[in-house]
Amino acid sequence: CRIMYRHWLKQRALDPAGECTEMTGFTRLVASDRAQPDGVEDEVPSIFVKEYSGAELSRFHGYRVINRPYSVVQLINSEDW
């Protein structure tokens, strides 16, 4: 994630006038246990959301990728959106 963010900063600096409007911001969406920070938030803009627990994942037969859409829903319903 740090490498991706540094690359984004480098590319954004090449267009200081802001004509490349697709690169107006960078935010890392992180699903973690109880939405706890992971220590990288001081270096990379981050939003933390709660991931499914093991019991909740059992409804999806352990398919952990289901956290991705669940994370986006939480982001949209958050104050950060």
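The values are calculated or read from the model by the stated rules, or taken from the named source; none is laboratory data. The model shown is predicted, which means the values in this text are computed figures rather than measured ones. All Cβ positions, glycine included, derive from the backbone under ideal geometry; neighbour counts span all protein chains shown.
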query = Is it fair to say Ser78 is small (Gly, Ala, Ser), outside any strand (DSSP E or B) and buried (at least 16 other Cβ atoms within 10 Å of the Cβ)?
reply = no
request  = State whether one or more residues within region 21-30 are assigned to a loop (DSSP other than H, G, I, E, B), among the hydroxyl-bearing types (Ser, Thr, Tyr) and under 13 Å from the mean Cα position of the chain (by Cα).
outcome  = yes
inquiry  = Against the condition surrounded by 12 or more Cβ atoms within 10 Å (Cβ to Cβ), among the hydrophobic types (A, V, I, L, M, F, W, C), at pLDDT 95 or above and in a loop (DSSP other than H, G, I, E, B), how does Val72 come out, does it pass?
reply    = no
query = Any idea which of (1) surrounded by 12 or more Cβ atoms within 10 Å (Cβ to Cβ); (2) of a type in the set (Asp, Glu); (3) modelled with pLDDT under 90 is the one Glu51 doesn't satisfy?
reply = (3)
Given (1) in a loop (DSSP other than H, G, I, E, B); (2) surrounded by 13 or more Cβ atoms within 10 Å (Cβ to Cβ); (3) of a type outside the set (Val, Ile, Thr), index of the condition Gly62 fails = (2)
